[in-house]
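In what follows, a single structure is set out as structure tokens and then discussed.
Computed from the coordinates by the stated procedures, all read-outs in this text should not be read as laboratory data. Computed from a predicted structure; not experimentally measured. Cβ placement follows ideal geometry from the backbone for every residue including glycine, while neighbour counts extend to all protein chains displayed.
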Amino acid sequence: MTKRVALAFSGGLDTTVCVPVLEEEYGYDEVIGVTVDVGQPAEEFEEARETAEALDLEHHVVEAKEEFVDLCFDAVRANADYQGYPLGTALARPVIAKAILRVAQEEGCDGIAHGCTGKGNDQLRFEAVWRASDLEVIAPVREMGMTRDWEIEYAAERNLPVQAGNEGTWSIDTNLWSRSIEGGDLEEPDYVPGEEIYNWTTAPSGETEEIEIEFENGYPVALNGEAKDPIELTEELNELAGSYGVGRTDMMEDRMLGLKVRENYEHPAATTLLNAHEGLEALVLTKEERDFKRQVDDEWSQKGYEGLVDGPLVAALEGFIEETQTKVTGSVTIRFEGGQARVVGRDSDYAVYSADAASFNTETVGKITQEDATGVAKYHGYQDRIAAQAKKAAEAKKQVSTDGGDEE
Ligand code: ARG
């Protein structure tokens, strides 16, 4: 019987090399390349298609943009970021992994493979999904300890269709939610990148613009009064906020295996929507809800980073999130200014806010008079004052006993 394997295929050097390797080293008769659409630019599909054709590889392109953007919008409800990075690559991986697994199963494959190295997070995120199946999971780059130089030589020897410019200076990973730039000079934490690494954002010019984003149950639904579906909204905001230089991150990232890596990201829409969402939550949630939700959000983000959004913990966290989001309906005004997407206004019927109560111009808070706060003020900091007194007294006592001890 012919042995078939489905390969996560981008047409880049790693996955191109994997095609003959899966046949020659792993004994597969047929390799199926699968490229999953999570909003990469058109050139990437072009590259994948051309390379697949040149390799005579059966190639499937699978649509998953909607599934992906829905997950990104769940991430907005969880105010999700990992060490400041809005999780674009991380959230895309389980979506991609599931899409490839579906193809592998439909096509009667025996194995499923990726071209990730043994150093990064993506191997873990892919395999967390795939190992639930009984397919053979194969990671040729990791298992054969391939280096870039070895791959280049191997490709040259076999005349594999890797274009010279294929890999460029950096390793880029793009989807609807973020563009990640790593490798090359950028590996050095002290290397200051120039404008050339950016593609989605232009350096802030000093110009500003205000926009209004509407939310329903924590989901962004409209821009400047016009209803938008999630893909449209994200694409438009990437353009617009990107033109004001919003959403650049340059960070040291602690990967799952423990490696600390320098990473650069662009994510204009994600930054705008996350800021707006948090701004609206600040108006409609109580302090207690906000304090507790921060912990829930942190857990969600951690699982999002690990590619484990389909696990039971996330489902349970989302139970809490769902309950809080029933009030996150309203609108937020964002000003793009100096590379920031700053909340400058918010409005909701669910506001836990009374202008009358907080105002300097009214004497009472409903039926509560200002005098009523006197008792509270008397108690406030009570333990601190007792602690200070006790410390002073204890030290004086210690002093007396040591002085006394000296005399003897
Ligand atoms: N380090 C990030 C993550 O694990 C992004 C990796 C993106 N990959 C790339 N080749 N640029 O989520």
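Shape call for the chain from the C-alpha gyration tensor, a ≥ b ≥ c root eigenvalues: rounded (a/c under 1.5), prolate (a/b greater than b/c) or oblate? Note, shape of the chain comes out prolate. Across 177, 200, 150, mean-square fluctuation computed from a Gaussian network of the chain (C-alpha pairs under 10 Å connected) peaks at 150. Judged by the mean number of other Cβ atoms found within 10 Å, the most tightly packed of the peptides 29-42, 81-94, 315-328 leads the ranking 81-94, 29-42, 315-328. Listed peptides 122-132, 374-384, 286-296 appear in the order 122-132, 286-296, 374-384 once ranked by packing, highest mean of other Cβ atoms within 10 Å at the front.
Just check region 361-403 against the gyration tensor rule for me: Cα atoms, a ≥ b ≥ c as the square roots of the eigenvalues, rounded for a/c under 1.5, and otherwise prolate or oblate depending on whether a/b exceeds b/c. It is prolate, given that a/c is not under 1.5 and a/b is the larger ratio. Each stretch of four or more DSSP H residues adds -39500 (n - 2.57); spread over every residue of the chain, this sum gives -14000 deg cm²/dmol at 222 nm.
Computed over neighbours whose Cβ is under 13 Å from that of residue 128, the net charge equals +1, Lys and Arg +1, Asp and Glu -1.
Per-residue extension of 0.36 nm, minus the Cα-Cα distance of residue 2 and residue 70, leaves a gain of 20.7 nm for this segment.
With each label modelled as a point 7 angstrom along the Cα→C-beta vector, the residue 119-residue 373 pair spans 5.7 nm. Residue 350 label point, 7 Å along Cα→Cβ, cut-off 15 Å on backbone N: hits in region 61-84? Counting backbone N atoms under 15 Å from the label point, the list is 74, 76-79. What relative contact order, as a whole-number percentage, does the chain give when Cα pairs under 8 Å and 6 or more residues apart are counted? Averaging sequence separation for qualifying contacts and normalising by length gives 16 percent for the chain. Between region 377-396 and region 310-324, the alpha-carbon centres lie 43 Å apart. Which of 341, 64, 113 moves the most in a Gaussian network model of the chain with Cα springs under 10 Å? In the Gaussian network model the winner is 64. Taking each of 260/287; 287/367; 3/119; 98/260; 119/327 in turn, the alpha-carbon distance tops 31 angstrom for 260/287; 119/327. Residue separation of residue 29 and residue 188 scaled by 0.36 nm, minus their Cα-Cα distance, works out to 53.1 nm of gained length.
Averaging Cα coordinates gives a centre for region 209-278 and one for region 27-100; these two points are 19 Å apart. All other residues whose Cβ lies under 13 angstrom from that of residue 102 are scored, Lys and Arg at +1 and Asp and Glu at -1, for a net of -3. Ordered by the count of other Cβ atoms within 10 Å of each Cβ, fewest first, 116, 72 give 116, 72.
Considering only 178, 243, 205, the Gaussian network model of the chain with Cα springs below 10 Å gives its largest mean-square fluctuation to 205.
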